[in-house]
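Notes follow once the structure below has been shown.
The values are calculated or read from the model by the stated rules, or taken from the named source; none is laboratory data. Small disclaimer: the values here were computed from a predicted structure and weren't measured. Here Cβ is always computed from backbone atoms with ideal geometry, including for glycine, and neighbour counts include all displayed protein chains. Heads up: the accessible areas ignore ligands, DNA and RNA and are worked out on the full protein's heavy atoms, side chains in. Shrake-Rupley method; radii C 1.70, N 1.55, O 1.52, S 1.80 Å.
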Amino acid sequence: MSGEGRARMMRLGAHYHPTGHHVASWLHPKAQIDAGSNAEHYLDMARTAERGRFDLVFLADSSATRGGDLEALSRWPQYMAYFEPLTLLSAMSAVTERVGLVATASTSFNEPYNIARLFGSLDHLSHGRAGWNVVTSSNQTASLNFSREAHYSHAERYERAREFVQVVLGLWDSWDDDAFVRDRASRRYFLPHKLHRLDHRGKYYAVRGPLNMARPPQGHPVIFQAGSSETGRELAAETAEVVFIQEQSIDKARAFYADVKGRLAKHGRAPGDLKVMPGFATFVGRTEAEAREQHAFLQSLIHPDVGRALLSAELGGTDLSDLPIDRPLPIERIPVNTNASQTTVRNVLDVVQRENPTIRQLYERFSGARGSALVIGTAAQVADAMEEWFRKEAADGFIVQPSYLPGGLDDFVEHVIPELQRRGLFRREYEGRTLRENLGLARPASRYRAAG
Ligand SMILES: Cc1cc2nc3c(=O)[nH]c(=O)nc-3n(C[C@H](O)[C@H](O)[C@H](O)COP(=O)(O)O)c2cc1C
């Protein structure tokens with residue numbers, strides 16, 4: 001039974017890469033090949049997610065194209081040319097009513113005042129359905145687009161992120177919910193004592209405020225986070241309401257779940273205040289054989305150069321061009337002290353230490369949804385795996401990562417959702433109008449109201 005007195009239900013997000021999560025997804029005949037510049041494709045998928053009663057749709061982002069071997073990248077469109085996510089979510093908000101709208105924005109390459117305005121506006125536009133995925137950006141080349149020669153160190157960028165988030169939360173509290181009286185009779189539009197200046201002066205930011213926007217409908221758009229290094233977990237325990245993770249094994253996911261929930265109390269938070277949603281890549285078929293065929297088909301389309309480039313990206317841009325792909329990856333080539341994504345490198349290292357696969361086997365393993373769990377089977381088999389993670393407290397829900405789009409999402413909504421509903425694990429109707437209400441998260445009081 002959850003804190004809200006309702007039976008504990010799964011939370012589901014749909015994670016959209018343009019043509020899907022698999023590196024070869026664009027080659028699938030049913031994939032929307034021009035997805036990166038096709039708005040209708042995304043608007044349709046937003047409607048599909050709402051029809052499936054998903055809590056949210058999620059758009060990942062990076063402030064740069066991928067780096068590395070251009071020959072290989074020319075065969076792998078992911079993160080090369082696509083929509084800026086908030087612009088796209090604003091369009092999605094006009095064609096949907098209940099599904100949450102979540103996008104990534106980096107704390108390393110933005111200013112808090114702008115981020116507060118952008119997500120606050122999306123929350124007003126969507127009547128309370130916005131969510132911000134706070135990342136510090138692991139893409140090392142992004143900083144070259146922002147007048148820097150090198151990225152911030154892992155430690156510094158998380159320290160900056162911590163202050164950044166606090167400033168944004170403070171700006172969202174600039175106006176009390178009832179500040180605007182709009183009274184023509186007294187010619188008073190707002191009550192001056194209900195407007196608050198932030199006057200923040202910190203190590204990295206000085207932000208006076210107030211925000212030039214009424215308090216968002218949700219109070220604060222929902223805070224998501226996706227880092228699971230030690231610093232990432234601490235930031236999540238302090239500020240995140242939903243944390244995305246990449247774990248291939250239920251045991252590792254259970255360990256993360258217990259670890260991050262165990263950190264909440266010291267921040268005065270309860271276990272229900274943070275939802276853990278692992279990435280879940282799926283291939284759904286009418287039979288298991290059919291699903292395995294779909295998977296094998298996409299695997300067969302991986303160009304070796306793309307596979308190598310994928311692995312190089314997972315390893316923070318490590319050059320693997322000199323290594324034969326049918327030989328194991330020498331462990332000394334794995335940059336354990338990376339300044340890129342510590343979780344992603346750790347996931348590769350775990351597989352290498354456990355199985356010593358060839359480079360080809362390794363990139364085939366990460367070709368679907370990188371370090372996330374992969375489930376291939378019938379709707380009942382996919383639901384079985386999700387139910388097991390859910391019941392064994394490895395997850396409060398999942399960020400579903402369809403391998404190709406829109407087909408993979410359509411299959412999930414048509415076959416897996418009804419199975420989860422039949423088992424009483426997932427909603428048949430939305431509980432509320434806002435993302436918070438559907439996620440079972442409280443609406444935060446303003447820090448000024450709390451301070452009286
Ligand atoms: C489901 C999911 C979505 C993510 N989305 C993004 C994204 O949109 N942009 C980004 O730069 N990183 C994204 N990340 C990566 C994380 O931000 C982070 O770099 C990574 O988890 C490593 O963090 P760590 O160094 O703290 O381990 C995502 C990770 C997960 C699990």
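Remarks
- Relative contact order computed over the chain (Cα-Cα under 8 Å; 6+ residues apart), in percent: 24
- Computed packing ranks the peptides 18-30, 406-418, 195-207, 170-182 as 18-30, 406-418, 170-182, 195-207, most packed first, by mean other Cβ atoms within 10 Å.
- Test item: Cα-centred dipole of the chain, Lys/Arg +1 and Asp/Glu -1 on Cβ, debye: 1600
- Local net charge near Pro210, Cβ-Cβ under 13 Å (Lys/Arg +1, Asp/Glu -1): +3
- For Ile376, nonlocal amide neighbours, meaning residues 5 or more places apart or on other chains whose placed amide H falls under 5 Å from its own, are Phe283.
- Within the chain, percent of DSSP bridges classed antiparallel, to nearest 5: 15
- For region 8-15, 3J(HN,Hα) per residue [Karplus equation, 6.51 cos²θ - 1.76 cosθ + 1.60, θ = phi - 60°, Hz, x = Gly/Pro]: 4, 10, 5, 9, 10, x, 10, 9
- The stretch between Ala7 and Glu431, if pulled fully straight at 0.36 nm per residue, gains 151.4 nm over its current Cα-Cα span.
- The C-alpha atoms of the chain define a longest principal axis, and helix 112-125 lies at about 90 degrees to it.
- Computed from the alpha carbon positions, the gyration tensor of region 298-376 leads to an equivalent ellipsoid with semi-axes of 17, 15, 12 Å, biggest first.
- Local electrostatic count, Ser174, Cβ distance below 10 Å [Lys/Arg +1, Asp/Glu -1]: +1
- Ordering 301-310, 221-230 by mean Cβ neighbour count within 10 Å, with the highest value first, yields 221-230, 301-310.
- In order through region 127-138: 3J(HN,Hα) via Karplus (6.51 cos²θ - 1.76 cosθ + 1.60), integer Hz, x for Gly, Pro: 6, x, 10, 8, x, 10, 8, 7, 10, 9, 6, 9
- For Ser229, nonlocal amide neighbours, meaning residues 5 or more places apart or on other chains whose placed amide H falls under 5 Å from its own, are Thr343.
- Computed over neighbours whose Cβ is under 9 Å from that of His200, the net charge equals 0, Lys and Arg +1, Asp and Glu -1.
- Ordering Gly316, Phe283, Met45 by Cα displacement along the dipole of region 11-451 toward the positive end leaves Met45 in first place; charges were set at the Cβ atoms of Lys, Arg (+1) and Asp, Glu (-1).
- 3J(HN,Hα) from dihedral phi, region 145-153, Karplus parametrisation 6.51/-1.76/1.60, rounded to Hz, x for glycine, proline: 8, 10, 6, 10, 7, 8, 6, 5, 5
- Here the Debye sum runs over all C-alpha atoms of the chain as equal scatterers in vacuum, and log10 of I(q)/I(0) at q = 0.06, 0.10, 0.12, 0.14 Å⁻¹ comes out as -0.25, -0.71, -1.03, -1.43.
- Under 29 Å from Lys261, Cα to Cα: lysines that are on another chain or at least 8 residues apart: Lys203, Lys252, Lys275, Lys392
- Percent carbon-and-sulfur accessible area, the chain, ignoring ligands, DNA and RNA, probe 1.4 Å: 50
- When each of the peptides 58-65, 314-321 is scored by the mean number of other C-beta atoms lying within 10 Å of its residues, the order from highest to lowest reads 58-65, 314-321.
- Surface analysis of the chain yields an accessible area of 42 Å² per residue, using protein heavy atoms and a 1.4 Å probe.
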